[in-house]
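Report on the following structure.
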Amino acid sequence: MNENLGIKEILDWYITAGVDEICGEVPFALAEPEQEVRKPLPVAAVAARPAESSARPATTELAQATISACQSARELCMKAETLADLKALVEGFDGCALKLTANKTVFGYGSENARLLLIGEAPGADEDRSGVPFVGRSGHLLEKMLKAIGFDRDDCFITNVLPWRPPGNRTPTEGEIAVCLPFLKRQIDLVSPEAIMILGGSAANALLDNGEPISKMRGKWLEYKKTDGNKVPVLASFHPAYLLRNSGQKAKAWVDMLRMKQKLSNN
Ligand code: URA
(Lines give C-alpha, C1' and ligand atoms only; values in the text may rest on other atoms or scores of the structure.)
Protein backbone atom coordinates (compact mmCIF):
# COMPACT_ATOMS: atom_id res chain seq x y z
CA MET A 1 0.00 0.00 0.00
CA ASN A 2 1.23 3.57 -0.73
CA GLU A 3 2.86 5.02 2.41
CA ASN A 4 1.67 8.55 1.52
CA LEU A 5 -2.00 7.64 1.87
CA GLY A 6 -3.98 9.42 4.60
CA ILE A 7 -6.17 7.63 7.19
CA LYS A 8 -9.32 8.15 5.11
CA GLU A 9 -7.74 6.66 1.96
CA ILE A 10 -6.43 3.69 3.99
CA LEU A 11 -9.88 3.05 5.49
CA ASP A 12 -11.48 3.39 2.04
CA TRP A 13 -8.96 0.88 0.74
CA TYR A 14 -9.82 -1.59 3.52
CA ILE A 15 -13.56 -1.17 2.92
CA THR A 16 -13.06 -1.75 -0.82
CA ALA A 17 -11.09 -4.89 0.04
CA GLY A 18 -14.07 -6.19 2.04
CA VAL A 19 -12.74 -5.56 5.55
CA ASP A 20 -15.79 -4.69 7.66
CA GLU A 21 -14.61 -5.55 11.14
CA ILE A 22 -11.50 -5.13 13.29
CA CYS A 23 -10.43 -8.29 15.06
CA GLY A 24 -6.85 -7.51 16.14
CA GLU A 25 -4.23 -4.80 16.52
CA VAL A 26 -2.04 -5.94 13.65
CA PRO A 27 -3.22 -6.70 10.09
CA PHE A 28 -2.64 -10.17 8.77
CA ALA A 29 -2.83 -11.61 5.26
CA LEU A 30 -6.02 -13.37 4.29
CA ALA A 31 -5.88 -16.68 2.49
CA GLU A 32 -6.36 -16.69 -1.28
CA PRO A 33 -10.05 -17.23 -2.09
CA GLU A 34 -11.04 -20.68 -3.28
CA GLN A 35 -11.00 -20.85 -7.08
CA GLU A 36 -14.23 -22.83 -7.29
CA VAL A 37 -17.09 -23.54 -4.96
CA ARG A 38 -17.29 -27.28 -4.39
CA LYS A 39 -20.15 -29.17 -2.77
CA PRO A 40 -19.00 -30.13 0.73
CA LEU A 41 -17.98 -33.75 1.13
CA PRO A 42 -19.32 -35.76 4.03
CA VAL A 43 -16.69 -34.50 6.45
CA ALA A 44 -16.60 -37.40 8.89
CA ALA A 45 -15.72 -39.80 6.09
CA VAL A 46 -12.69 -37.74 5.14
CA ALA A 47 -11.63 -36.86 8.70
CA ALA A 48 -12.03 -40.43 9.91
CA ARG A 49 -9.24 -41.62 7.62
CA PRO A 50 -6.15 -42.34 9.68
CA ALA A 51 -3.32 -39.83 9.36
CA GLU A 52 -0.99 -42.46 7.93
CA SER A 53 -3.51 -43.44 5.24
CA SER A 54 -1.97 -43.52 1.77
CA ALA A 55 -5.33 -42.81 0.11
CA ARG A 56 -4.62 -39.85 -2.18
CA PRO A 57 -7.94 -38.04 -1.76
CA ALA A 58 -7.47 -37.75 2.02
CA THR A 59 -4.32 -35.69 1.65
CA THR A 60 -5.65 -33.59 -1.19
CA GLU A 61 -9.12 -32.97 0.22
CA LEU A 62 -8.13 -32.27 3.76
CA ALA A 63 -4.60 -31.16 4.57
CA GLN A 64 -2.44 -33.47 6.66
CA ALA A 65 -2.37 -30.86 9.43
CA THR A 66 -6.14 -30.94 9.59
CA ILE A 67 -6.17 -34.71 9.86
CA SER A 68 -3.80 -34.68 12.80
CA ALA A 69 -5.81 -31.85 14.42
CA CYS A 70 -8.93 -34.05 14.08
CA GLN A 71 -7.04 -36.88 15.70
CA SER A 72 -5.85 -34.77 18.62
CA ALA A 73 -9.36 -33.30 19.09
CA ARG A 74 -10.73 -36.86 19.30
CA GLU A 75 -8.05 -37.87 21.80
CA LEU A 76 -8.68 -34.80 23.96
CA CYS A 77 -12.39 -35.54 24.01
CA MET A 78 -11.80 -38.99 25.42
CA LYS A 79 -10.06 -37.37 28.41
CA ALA A 80 -13.09 -35.24 29.28
CA GLU A 81 -15.32 -36.85 31.89
CA THR A 82 -17.45 -33.74 32.49
CA LEU A 83 -18.57 -30.70 30.51
CA ALA A 84 -16.28 -28.53 32.65
CA ASP A 85 -13.29 -30.75 31.69
CA LEU A 86 -14.27 -30.57 28.05
CA LYS A 87 -14.72 -26.79 28.13
CA ALA A 88 -11.21 -26.37 29.54
CA LEU A 89 -9.77 -28.73 26.92
CA VAL A 90 -11.51 -26.91 24.06
CA GLU A 91 -10.28 -23.57 25.41
CA GLY A 92 -6.72 -24.90 25.42
CA PHE A 93 -6.91 -26.54 21.98
CA ASP A 94 -4.80 -24.92 19.26
CA GLY A 95 -5.64 -27.16 16.30
CA CYS A 96 -8.22 -24.86 14.68
CA ALA A 97 -7.07 -21.61 13.07
CA LEU A 98 -10.44 -19.97 13.81
CA LYS A 99 -9.28 -19.55 17.39
CA LEU A 100 -6.66 -17.06 16.18
CA THR A 101 -9.25 -14.58 14.94
CA ALA A 102 -11.94 -15.21 17.57
CA ASN A 103 -12.16 -13.22 20.79
CA LYS A 104 -13.66 -15.99 22.91
CA THR A 105 -14.20 -19.73 22.81
CA VAL A 106 -17.97 -20.21 22.75
CA PHE A 107 -18.59 -23.54 24.42
CA GLY A 108 -22.08 -24.99 24.90
CA TYR A 109 -24.20 -23.41 27.59
CA GLY A 110 -27.01 -24.71 29.75
CA SER A 111 -28.02 -27.58 31.93
CA GLU A 112 -25.82 -30.65 32.21
CA ASN A 113 -29.07 -32.63 32.66
CA ALA A 114 -30.90 -31.01 29.76
CA ARG A 115 -33.58 -33.11 28.06
CA LEU A 116 -33.27 -31.00 24.92
CA LEU A 117 -29.97 -30.12 23.21
CA LEU A 118 -29.94 -27.50 20.45
CA ILE A 119 -27.17 -27.06 17.90
CA GLY A 120 -26.39 -24.03 15.73
CA GLU A 121 -23.61 -23.53 13.22
CA ALA A 122 -21.12 -21.10 14.73
CA PRO A 123 -20.97 -18.10 17.05
CA GLY A 124 -21.71 -14.69 15.57
CA ALA A 125 -20.29 -11.33 16.66
CA ASP A 126 -22.41 -11.09 19.85
CA GLU A 127 -21.50 -14.61 20.94
CA ASP A 128 -17.83 -14.00 20.15
CA ARG A 129 -17.89 -10.99 22.47
CA SER A 130 -19.77 -12.70 25.31
CA GLY A 131 -18.52 -16.30 25.03
CA VAL A 132 -22.12 -17.61 25.22
CA PRO A 133 -24.02 -19.21 22.30
CA PHE A 134 -27.17 -17.65 20.85
CA VAL A 135 -27.25 -14.35 22.70
CA GLY A 136 -27.74 -12.05 19.69
CA ARG A 137 -30.86 -11.48 17.55
CA SER A 138 -31.05 -15.14 16.56
CA GLY A 139 -30.72 -16.11 20.19
CA HIS A 140 -33.59 -13.85 21.22
CA LEU A 141 -35.84 -15.42 18.62
CA LEU A 142 -34.76 -18.90 19.70
CA GLU A 143 -35.52 -18.04 23.32
CA LYS A 144 -39.04 -16.90 22.34
CA MET A 145 -39.61 -20.09 20.36
CA LEU A 146 -38.50 -22.22 23.30
CA LYS A 147 -40.69 -20.24 25.70
CA ALA A 148 -43.65 -20.91 23.42
CA ILE A 149 -43.29 -24.65 24.08
CA GLY A 150 -42.69 -24.16 27.78
CA PHE A 151 -38.88 -24.33 27.83
CA ASP A 152 -36.50 -21.86 29.37
CA ARG A 153 -33.15 -21.62 27.59
CA ASP A 154 -31.40 -22.48 30.87
CA ASP A 155 -33.25 -25.83 30.99
CA CYS A 156 -31.78 -26.76 27.60
CA PHE A 157 -28.20 -27.20 26.45
CA ILE A 158 -27.38 -24.88 23.53
CA THR A 159 -24.24 -25.29 21.50
CA ASN A 160 -22.71 -24.91 18.05
CA VAL A 161 -20.79 -27.08 15.60
CA LEU A 162 -17.90 -24.60 15.91
CA PRO A 163 -16.80 -23.05 19.20
CA TRP A 164 -15.08 -20.15 17.39
CA ARG A 165 -16.55 -17.47 15.16
CA PRO A 166 -15.41 -17.63 11.54
CA PRO A 167 -14.12 -14.14 10.59
CA GLY A 168 -16.93 -11.96 9.23
CA ASN A 169 -19.33 -14.92 9.75
CA ARG A 170 -18.00 -16.61 6.63
CA THR A 171 -19.07 -20.19 5.88
CA PRO A 172 -16.87 -22.63 7.82
CA THR A 173 -14.58 -24.86 5.77
CA GLU A 174 -14.85 -28.66 5.72
CA GLY A 175 -11.57 -28.83 7.63
CA GLU A 176 -12.76 -26.49 10.40
CA ILE A 177 -15.94 -28.50 10.80
CA ALA A 178 -14.04 -31.81 10.86
CA VAL A 179 -11.63 -30.58 13.53
CA CYS A 180 -14.39 -29.24 15.79
CA LEU A 181 -16.91 -32.05 15.33
CA PRO A 182 -15.41 -34.31 18.05
CA PHE A 183 -16.04 -31.50 20.58
CA LEU A 184 -19.69 -31.30 19.59
CA LYS A 185 -20.08 -35.09 19.71
CA ARG A 186 -18.51 -35.27 23.17
CA GLN A 187 -20.91 -32.57 24.41
CA ILE A 188 -23.79 -34.71 23.16
CA ASP A 189 -22.35 -37.80 24.89
CA LEU A 190 -21.90 -35.95 28.17
CA VAL A 191 -25.31 -34.26 28.22
CA SER A 192 -27.02 -37.35 26.82
CA PRO A 193 -30.25 -35.50 25.95
CA GLU A 194 -33.60 -37.12 25.18
CA ALA A 195 -33.81 -35.22 21.90
CA ILE A 196 -31.72 -32.95 19.70
CA MET A 197 -32.88 -30.00 17.61
CA ILE A 198 -30.47 -28.90 14.89
CA LEU A 199 -30.85 -25.35 13.68
CA GLY A 200 -30.08 -24.90 10.01
CA GLY A 201 -28.87 -27.04 7.16
CA SER A 202 -25.14 -26.68 7.62
CA ALA A 203 -25.21 -27.81 11.28
CA ALA A 204 -27.47 -30.72 10.28
CA ASN A 205 -25.14 -31.70 7.42
CA ALA A 206 -22.15 -31.61 9.79
CA LEU A 207 -23.68 -33.73 12.56
CA LEU A 208 -25.63 -36.14 10.37
CA ASP A 209 -22.83 -36.31 7.80
CA ASN A 210 -25.05 -35.81 4.78
CA GLY A 211 -25.52 -33.23 2.07
CA GLU A 212 -29.32 -32.94 2.27
CA PRO A 213 -30.90 -29.49 2.03
CA ILE A 214 -32.71 -28.35 5.18
CA SER A 215 -35.96 -28.12 3.22
CA LYS A 216 -35.82 -31.93 2.79
CA MET A 217 -34.69 -32.75 6.33
CA ARG A 218 -36.98 -30.53 8.40
CA GLY A 219 -40.18 -31.84 9.85
CA LYS A 220 -39.05 -35.49 10.00
CA TRP A 221 -37.65 -37.43 12.90
CA LEU A 222 -34.04 -38.38 12.20
CA GLU A 223 -31.51 -40.16 14.38
CA TYR A 224 -28.06 -39.51 15.78
CA LYS A 225 -25.97 -42.36 17.14
CA LYS A 226 -23.95 -41.46 20.23
CA THR A 227 -20.50 -42.94 20.89
CA ASP A 228 -22.09 -45.59 23.15
CA GLY A 229 -24.23 -46.72 20.20
CA ASN A 230 -27.51 -45.43 21.65
CA LYS A 231 -29.66 -43.42 19.28
CA VAL A 232 -31.10 -39.97 20.00
CA PRO A 233 -34.09 -38.62 18.05
CA VAL A 234 -33.16 -35.54 16.03
CA LEU A 235 -35.33 -32.87 14.52
CA ALA A 236 -33.72 -30.44 12.07
CA SER A 237 -35.38 -27.08 11.67
CA PHE A 238 -34.67 -23.68 10.17
CA HIS A 239 -31.96 -21.53 11.71
CA PRO A 240 -33.41 -18.53 13.60
CA ALA A 241 -31.24 -16.17 11.49
CA TYR A 242 -32.99 -17.56 8.39
CA LEU A 243 -36.37 -17.06 10.08
CA LEU A 244 -35.48 -13.44 10.83
CA ARG A 245 -34.92 -12.92 7.10
CA ASN A 246 -37.84 -15.12 5.94
CA SER A 247 -40.68 -14.63 8.36
CA GLY A 248 -43.01 -16.58 6.03
CA GLN A 249 -41.21 -19.77 7.16
CA LYS A 250 -41.90 -19.21 10.86
CA ALA A 251 -45.08 -21.30 10.69
CA LYS A 252 -43.03 -24.37 9.70
CA ALA A 253 -40.54 -23.74 12.49
CA TRP A 254 -43.48 -23.49 14.89
CA VAL A 255 -44.74 -26.89 13.71
CA ASP A 256 -41.24 -28.29 14.38
CA MET A 257 -41.22 -26.83 17.90
CA LEU A 258 -44.63 -28.38 18.63
CA ARG A 259 -43.39 -31.72 17.33
CA MET A 260 -40.44 -31.51 19.69
CA LYS A 261 -42.71 -30.59 22.60
CA GLN A 262 -44.88 -33.60 21.87
CA LYS A 263 -41.89 -35.94 21.72
CA LEU A 264 -40.59 -34.72 25.08
CA SER A 265 -43.97 -34.88 26.76
CA ASN A 266 -44.42 -38.49 25.59
CA ASN A 267 -41.11 -39.53 27.19
N1 URA B 1 -25.91 -18.42 15.12
C2 URA B 1 -25.47 -19.64 15.47
O3 URA B 1 -25.53 -20.60 14.68
N4 URA B 1 -24.98 -19.80 16.69
C5 URA B 1 -24.89 -18.82 17.58
O6 URA B 1 -24.42 -19.05 18.69
C7 URA B 1 -25.36 -17.55 17.20
C8 URA B 1 -25.88 -17.37 15.96
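Structure notes:
- Surface composition of segment 122-267: carbon and sulfur make up 48 percent of the accessible area, probe 1.4 Å.
- In plain terms, the chain from residue 154 to residue 79 could stretch by 24.4 nm, reckoned as 0.36 nm per residue minus the Cα-Cα distance.
- Rolling a 1.4 Å probe across the protein heavy atoms gives segment 223-262 an accessible surface of 54 Å² per residue.
- Only protein heavy atoms count here; on that basis, with a 1.4 Å probe, residue 228 has an accessible area of about 100 Å².
- Take 215-223, 256-264, 115-123 and order them by the average number of nearby Cβ atoms within 10 Å per residue, most first; the result is 115-123, 256-264, 215-223.
- For the set 242, 109, 224, solvent exposure ranked by accessible area (probe 1.4 Å, protein chains only) runs largest to smallest as 109, 242, 224.
- Segment 74-214, accessible area per residue, ligands and nucleic acids excluded (1.4 Å, Å²): 39 Å²
- Links that overshoot a 29 Å alpha carbon limit, given the list 79/144; 87/147; 185/220; 185/216; 87/231; 87/216: 79/144; 87/216
- Segment residue 99-residue 245, length gained on full extension (0.36 nm per residue, minus Cα span): 49.7 nm
- When the square roots of the Cα gyration tensor eigenvalues are ordered a ≥ b ≥ c, the ratio a/c for segment 221-267 is 1.5 or more and a/b does not exceed b/c, which makes its shape oblate.
- Given a 1.4 Å probe and the protein chains as shown, residue 173 ends up with an accessible area of around 60 Å².
- Among 130, 138, the sequence by solvent-accessible area, most first, with a 1.4 Å probe is 130, 138.
- Three-way shape call for segment 120-267 based on the alpha-carbon gyration tensor, with the a/c threshold at 1.5: rounded
- Ligands, DNA and RNA excluded, the heavy atoms of residue 239 present near 40 Å² of accessible surface to a 1.4 Å solvent probe.
The values are calculated or read from the model by the stated rules, or taken from the named source; none is laboratory data. All values derive from a computational prediction rather than experimental measurement. All Cβ positions, even for glycine, are placed from backbone atoms using ideal geometry, and neighbour counts span all protein chains on display. Calculation scope for accessible area: heavy atoms of the full protein, side chains included, ligands and nucleic acids excluded. Shrake-Rupley method; radii C 1.70, N 1.55, O 1.52, S 1.80 Å.
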